[in-house]
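Trainee: Quick one: structure below, then a few questions.
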Amino acid sequence: SFLTDDPPLDQVVSRTTEAGIRGVMKSLDGKQRFTYGVNYFRTTTEDDLFFVSATQAGRGFFFNAGDTKREGVEAKLTYQNNYLSMYAAYSFVSATFEDTIEFQSPANPLQGACVEPGAPADDVCITATPGDRLPNTPEHRFKAGFEYLVTPKWMVGADLVANTDQVFLGDEANL
């Protein structure tokens, strides 16, 4: 598997707006610390880049796939003392296509003939429309974990990551 030559690519331009609040609270003796944060973000991207599979097996390339938007909220809490550290975090991300885009998709079982002018007659495609979710980006994600210092040289801990479903790479049309 290897990459082939990319078609001529336009410059990708992203614009981000972000606002939030964060803080720290400490115990009077300084041995305990609690931090928190909540953040809103919105990023719009013009001429975003995406990877697609070529019609030849094992080959692929990047191309400009129009405008995309990622918007959401993140929240995080942490607690820490001399022996214990814990955290919990949640994020909601709405990541969508903002344009109608045709993707070559020879491996997608629900593909059809490409309609883009100049496409070879044997190419097969899927079409993402405005509002379709971007691949590999779950809408909801929750993380939690802890670390406990059993001795000065031995620590135990665990992390949990849970997220909702996500669209697979190669199924940009959310089929």
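The values are calculated or read from the model by the stated rules, or taken from the named source; none is laboratory data. Since the model is a prediction, treat every value here as computed from it, not as a measurement. Note that each Cβ is placed from the backbone with ideal geometry, even for glycine, and that neighbours are counted across all protein chains shown. With ligands, DNA and RNA removed, areas are computed over all heavy atoms of the protein, side chains included. Shrake-Rupley method; radii C 1.70, N 1.55, O 1.52, S 1.80 Å.
Trainee: Which numbered condition in (1) in contact with a Phe, Trp or Tyr (Cβ under 7 Å, 6 or more places away or on another chain); (2) among the small types (Gly, Ala, Ser); (3) under 26 Å from Gly23 (Cα atoms) is the only one that Ala88 fails?
Mentor: Failed condition: (1).
Trainee: Let me ask you something else. Please specify each residue of segment 33-50 satisfying the condition of being open to solvent by 80 Å² or more (accessible area, probe 1.4 Å), of a type in the set (Phe, Trp, Tyr) and closer than 25 Å to Asn136 by Cα.
Mentor: Residue satisfying the conditions is Tyr40 alone.
Trainee: Could you list, in sequence order, all residues of segment 58-73 that are at negative phi and touching a residue at least 40 places away in the same chain (Cβ under 8 Å)?
Mentor: Once the filter is applied, which keeps residues that are at negative phi and touching a residue at least 40 places away in the same chain (Cβ under 8 Å), segment 58-73 yields Arg59, Gly60, Phe61, Phe62, Phe63, Asn64, Ala65, Thr68, Arg70.
Trainee: Has segment 26-49 got any residue that is free of Cβ contacts under 8 Å to residues at least 24 places away in the same chain, over 24 Å from Asn163 (Cβ atoms) and touching a strand residue (DSSP E or B) at 6+ places or on another chain (Cβ under 6 Å)?
Mentor: Yes, segment 26-49 has at least one match.
Trainee: So which of Arg59, Arg70 is under 27 Å from Ala162 (Cβ atoms) and either among the polar types (S, T, N, Q) or open to solvent by 60 Å² or more (accessible area, probe 1.4 Å) (or both)?
Mentor: On the way: Arg59 fails: under 27 Å from Ala162 (Cβ atoms).
The match here is Arg70.
Trainee: Please tell me if Pro138 is within 24 Å of the chain's Cα centre (by Cα) and modelled with pLDDT of 90 or more. Before the answer, list the steps.
Mentor: On the way: within 24 Å of the chain's Cα centre (by Cα): yes; modelled with pLDDT of 90 or more: yes.
Spelling it out, Pro138 is indeed within 24 Å of the chain's Cα centre (by Cα) and modelled with pLDDT of 90 or more.
Trainee: Now, a different point. Within segment 135-143, is there a residue that is of a type in the set (A, V, I, L, M, F, W, C) and touching a residue at least 60 places away in the same chain (Cβ under 8 Å)? Before the answer, list the steps.
Mentor: Of segment 135-143, the ones of a type in the set (A, V, I, L, M, F, W, C) are 142.
Within this subset, residues satisfying the condition of being touching a residue at least 60 places away in the same chain (Cβ under 8 Å) are none.
Checked against the condition, which is being of a type in the set (A, V, I, L, M, F, W, C) and touching a residue at least 60 places away in the same chain (Cβ under 8 Å), segment 135-143 yields no hits at all.
Trainee: Sort out which residues of segment 84-126 are at pLDDT 95 or above and open to solvent by 60 Å² or more (accessible area, probe 1.4 Å), and write them in order of number.
Mentor: Met86, Tyr87, Tyr90, Phe92, Glu98 - these are the residues of segment 84-126 that are at pLDDT 95 or above and open to solvent by 60 Å² or more (accessible area, probe 1.4 Å).
Trainee: Quick test for you: out of Pro138, Pro109, pick the one residue that is more than 30 Å from Val13 (Cα to Cα) and part of a loop (DSSP other than H, G, I, E, B). It would help to see each step written out before you state the result.
Mentor: Details: Pro138 fails: more than 30 Å from Val13 (Cα to Cα).
Just a single option satisfies the conditions, and that option is Pro109.
Here's the yes/no breakdown for (1) closer than 30 Å to Val150 by Cα; (2) touching a Leu at 6+ places or on another chain (Cβ under 8 Å); (3) assigned to a loop (DSSP other than H, G, I, E, B); (4) open to solvent by less than 60 Å² (accessible area, probe 1.4 Å):
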site	(1), (2), (3), (4)
Thr16	no, no, no, no
Leu28	yes, no, yes, no
Lys31	yes, no, yes, no
Val52	no, no, no, yes
Ala75	yes, no, no, yes
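Trainee: Do we have any residue at all in segment 87-97 that's among the polar types (S, T, N, Q), within 30 Å of Lys143 (Cα to Cα) and in contact (Cβ under 8 Å) with a residue 40 or more places away in the chain? Give the steps one after another, and end with the answer.
Mentor: Of all residues in segment 87-97, those among the polar types (S, T, N, Q) come to 91, 94, 96.
This time we only want the ones that are within 30 Å of Lys143 (Cα to Cα), so: 91, 94, 96.
Now restrict to residues that are in contact (Cβ under 8 Å) with a residue 40 or more places away in the chain: 91, 94.
For segment 87-97, residues among the polar types (S, T, N, Q), within 30 Å of Lys143 (Cα to Cα) and in contact (Cβ under 8 Å) with a residue 40 or more places away in the chain: present.
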